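Okay, so here's the structure we're looking at.
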Amino acid sequence: MIGPAFDELHGPSRAGYKTKADVVKLLKEAVAAGASVIKAQGDAGLNKPVLSPFTADVVRTSTLWWTLIEETGEHYGQLVVYYRANNMVPRASR
């Protein structure tokens, strides 16, 4: 298992992450775990061909990583829209 433990079907339990500090800690642990896997794979591991779980095509491991990283950017964009639609200023824009 990589990163914080939680039910893969339902995600982290809200009972375990009640405060902003709890959520920030979860996110930091998840990012650190992912970064350690990328570092451990090294250049050879990142260029290794694998079967994509999204398209069933053969892709490099690095392609899977940047796909997941890009996905988080899209979620961030959705949060920015939510903030602005509710007359709030996203933290990164302050």
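The values are calculated or read from the model by the stated rules, or taken from the named source; none is laboratory data. Here the structure is a predicted model, which means the values were calculated and not measured. Please note that ligands, DNA and RNA were not included when accessible areas were found on the heavy atoms of the full protein model with its side chains. Shrake-Rupley method; radii C 1.70, N 1.55, O 1.52, S 1.80 Å.
Would you check if D43 is acidic (D, E), open to solvent by 100 Å² or more (accessible area, probe 1.4 Å) and modelled with pLDDT of 85 or more? Working first, answer last.
Values: acidic (D, E): yes; open to solvent by 100 Å² or more (accessible area, probe 1.4 Å): yes; modelled with pLDDT of 85 or more: yes.
Yes; evaluated as a whole, the condition is true for this residue.
Residue-wise test of (1) assigned to a helix (DSSP H, G or I); (2) of a type in the set (A, V, I, L, M, F, W, C).
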site	(1), (2)
P4	no, no
K28	yes, no
A35	yes, yes
G45	yes, no
F54	no, yes
I69	yes, yes
H75	yes, no
V89	no, yes
